[in-house]
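Asker: Can you keep this structure in mind? I'll have questions shortly.
The values are calculated or read from the model by the stated rules, or taken from the named source; none is laboratory data. The model shown is predicted, which means the values in this text are computed figures rather than measured ones. Because the Cβ atoms are built from the backbone with ideal geometry, glycine has one as well, and the counts that use them run over all protein chains shown. Keep in mind that these areas ignore ligands, DNA and RNA; they rest on the heavy atoms of the full protein, side chains included. Shrake-Rupley method; radii C 1.70, N 1.55, O 1.52, S 1.80 Å.
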Amino acid sequence: MPIVRGKQIDVLYTAEQINQQNLRMASEIAADEYKDLIVIAVLKGSFIFAADLIRAMHELKIEPEVEFISLASYGSGTEAGEVRVLRDIESEVKDRDVLLIDDILESGNTLKFARELMLERGARKVEVAVLLDKTMRRKADIFANYVGFECPDYFVVGYGMDVGHAFRELPFVGVVKGDVD
Ligand code: IMP
Ligand code: MG
């Protein structure tokens with residue numbers, strides 16, 4: 001079991017397993033019809049997943065524009081689930097196909113907000129790719145078109161995902177266990 005920052009980490013998905021799912025998702029994306037595609041990575045958690053997925057897409061001759069949005073979600077555990085834009089994209093999405101990329105789809109509040117925002121701005125279609133789907137946590141009416149893994153109800157870290165700003169750099173997805181003694 002890897003030890004990072006004095007904690008034992010239980011590996012849930014290895015780098016190799018993640019890579020395989022990225023290749024599968026890229027081929028699913030390539031099989032769908034996208035025109036004038038703009039990929040929007042939802043920061044910060046998706047940065048490694050997005051970087052790997054767009055390179056897997058490149059191998060299949062997909063040539064998207066790449067943008068970034070940073071969203072803050074308040075009280076994700078509460079009913080309100082209010083979301084606001086911390087840093088917006090810079091490009092127009094009007095009449096374009098959009099693919100939102102995020103690390104985890106949990107309550108769905110964040111991605112529902114982002115999807116509706118892009119549709120309001122006139123995007124032709126807005127699809128969603130996530131590395132992990134925690135379906136049992138869903139509150140909002142949204143689904144992902146491309147899913148890496150159906151994730152059990154653990155709090156996970158690594159591969160871009162953090163707890164208290166730590167562990168984003170791990171090349172795998174894991175669950176933090178106790179201190180090493
Ligand atoms: P929601 O779907 O709006 O509830 O928010 C999902 C977001 O919460 C993800 O994009 C992550 O940033 C964060 N998140 C949810 N579950 C986890 C987890 O297990 N580890 C790290 N971040 C998480
Ligand atoms: Mg996130």
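Asker: Only one of (1) open to solvent by 20 Å² or more (accessible area, probe 1.4 Å); (2) within 25 Å of N19 (Cβ to Cβ); (3) assigned to a strand (DSSP E or B) fails for E169. Which number is that?
Answerer: Failed condition: (3).
Asker: Is segment 1-24 home to any residue that is of a type in the set (A, V, I, L, M, F, W, C) and under 27 Å from D141 (Cβ atoms)?
Answerer: There is no residue in segment 1-24 that is of a type in the set (A, V, I, L, M, F, W, C) and under 27 Å from D141 (Cβ atoms).
Asker: Among the numbered criteria (1) surrounded by fewer than 19 Cβ atoms within 10 Å (Cβ to Cβ); (2) modelled with pLDDT of 95 or more; (3) not aromatic (F, W, Y), which single criterion is violated by L71?
Answerer: (1)
Asker: Which ones in segment 96-146 are under 26 Å from S27 (Cα atoms), outside any strand (DSSP E or B) and small (G, A, S)?
Answerer: G108, A114, A123, A144
Asker: Continuing with the same structure: Just the residues that are surrounded by fewer than 22 Cβ atoms within 10 Å (Cβ to Cβ), of a type in the set (D, E, K, R) and closer than 26 Å to R55 by Cβ, please, taken from segment 89-120.
Answerer: Passing the criteria: E90, E92, R96, D97, R115.
Asker: Return only the number of the condition from (1) in contact (Cβ under 8 Å) with a residue 40 or more places away in the chain; (2) more than 27 Å from I38 (Cα to Cα) that P171 does not satisfy.
Answerer: With respect to (1) in contact (Cβ under 8 Å) with a residue 40 or more places away in the chain; (2) more than 27 Å from I38 (Cα to Cα), P171 is out only on (2).
Asker: I'm trying to understand the selection: among the residues of segment 20-50, which are away from ligand 1 (no atom under 16 Å from the Cβ), in a loop (DSSP other than H, G, I, E, B) and buried (at least 18 other Cβ atoms within 10 Å of the Cβ)?
Answerer: Across segment 20-50, the qualifying residue is only Y34.
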